[in-house]
1. Mind computing the radius of gyration and Dmax over the alpha-carbon atoms of region 216-280? Å is fine for both.
2. Would you rank C285, C346 by solvent-accessible area, highest first, keeping every protein chain in place and using a 1.4 Å probe?
3. Sort R282, R306 by accessible area with a 1.4 Å probe, largest first.
4. Largest first, what is the accessible-area ranking of S247, S144 with a 1.4 Å probe?
5. Taking the Cα-to-Cβ direction at K41 and at K413 and moving 7 Å from each Cα, how far apart do the two end points lie in nm?
6. Please work out whether region 186-232 counts as rounded, prolate or oblate from its C-alpha gyration tensor, where a ≥ b ≥ c are the square roots of the eigenvalues and a/c under 1.5 means rounded, while otherwise a/b larger than b/c means prolate and anything else oblate?
7. What does the extension gain come out to for E195 and V243, with contour length at 0.36 nm per residue minus their alpha carbon separation?
8. Which residues in region 58-90 have a backbone N closer than 17 Å to a point placed 7 Å from the Cα of S382 along the Cα-to-Cβ line?
Amino acid sequence: MLLNVAIRRSYCYRPVKRWKIFKDLNEDSTKKGEVAINLAKHIRNRIIATGPITVAQYMTEVLTHPTAGYYMNRDVFGLSGDFITSPEISQIFGELVAVWIVNEWVKLGSPQPFQLIELGPGRGTLIKDILRVLTQLKLSEKLSLHLVEISEFLSQLQAQSICFEFEKLNDCTLPYYQIGKSESGCAVYWYKRLEDIPQDFAIILAHEFFDAMPVHKLKLMAGIWKEVLINISEDKLENFKFVLSNSPTPISQLFKPLPEETRTSLEYSLESDRIVRIIAERLQCYGGVALIVDYGHFGEKVDTLRAFKRHKLHNFLQDPGTADLTADVDFRQLKRVAEENGMVVCYGPIEQAQFLMKMNGNLRLQQLLKNAPPGSRELINSGYAMLTKSDEMGQRYKFIAMFPSVLRNHLNKYPPIGFD
Ligand SMILES: C[S@@+](CC[C@H](N)C(=O)[O-])C[C@H]1O[C@@H](n2cnc3c(N)ncnc32)[C@H](O)[C@@H]1O
């Protein structure tokens, strides 16, 4: 996500209609009378009842509390939201990811039908751009689309963006909570959890999903890992503060640092580990590919927890539920977990600028500029520059790809595009 909001993709795809849809949905959600509880009070009561909570518990409450969670009842993206992401900045991003998907799928023998899975689709912009390319290549009838989205509010935005019809279901015996048909005719399903998706050959995407996963904060003190917790502040009851746990916590005991770990303070996402293991097992047993894109590091950063509100940094502990909470993704840890037990082989992480360049992003930019009305050329150019410039998103954002390890020799001969 990016703080700079000067650029957005007003040059393509009926922006006016999009904004109207968001407005209607916002009105709908207030009409339903789902008045959000006061999250600060709720967290305070939880701490009073059970003692200080972990940073991961705090993030889970703040981001995904069923009624008051940050993602659960509003459109948080773009100009009127808190941050903007690559697919929202330029259509080139989604188009190049689509080309990558098709290329790797063909190399694997074009298995069909296949599942296209996206974790955390936001407004549905990335998947919409991908579907457009797959439809042009006449591939959309070969796939089913499976979206993992915890927010039913955002799932409606996604459905409005990609479906010509959709229906919310109230049947808890089904693994999905919403179904639809895309404009190109492929079946679309929404799930709360990745593990609910039927097992099959799948292409799995996660763009800015792992940075929203809860992290634990750990510090090494006299050779012992201790967990940082969140407690109520004494000065003002509605304020919170970080405290160091005096006694061992489940995570401080479970946590196994890598042999090469030199940091004495770090963030660790057990939930990310869990999801990566599910991805790796699926790829190993049923085949497929995963592409994970996010801002992150390779095990060198120590303190990346932060909050964003209205495109500005915000106090992490203040007004919970009104600002996005995020932490940089530790790609070294993701890779280690994915590759443990030899389930998958990983390529990357590679910087976004490099990936887009290797995928011929410049060529696509020139095509777009050639066909664009003069008034939108500046916007197209600056959007692509934002994705690729090293002081913007080009260096901070990284791509990692996962393949079943049985393909190791094949991949040595034919490495994935964008990573070669
Ligand atoms: C930072 S947004 C990224 C949106 C989109 N991928 C993009 O790049 O524009 C995170 C997305 O993940 C969803 N999400 C967050 N936590 C989740 C969870 N635990 N399970 C499923 N979805 C989650 C959010 O609702 C949102 O759609």
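1. When restricted to Cα atoms, region 216-280 yields Rg and Dmax of 14.3, 47 Å.
2. Most to least solvent-accessible, the answer reads C285, C346.
3. Values: R282 10, R306 55 Å².
Correct descending sequence by accessible area is R306, R282.
4. On the way: S247 75, S144 30 Å².
Ranking S247, S144 by accessible area, largest first, yields S247, S144.
5. So the two model labels end up 6.6 nm from each other.
6. Prolate, because a/c is 1.5 or more and a/b exceeds b/c.
7. Separation in residues times 0.36 nm, less the Cα-Cα distance, equals 13.9 nm.
8. 78-80, 84-86, 88-90
The values are calculated or read from the model by the stated rules, or taken from the named source; none is laboratory data. Treat the numbers as computed from the prediction; the structure is a model and nothing was measured. Using ideal geometry, Cβ is built from the backbone for each residue, glycine included, and neighbour counts are taken over all protein chains shown. Accessible surface is based on the protein model in full, side chains and every heavy atom, while ligands, DNA and RNA are left aside. Shrake-Rupley method; radii C 1.70, N 1.55, O 1.52, S 1.80 Å.
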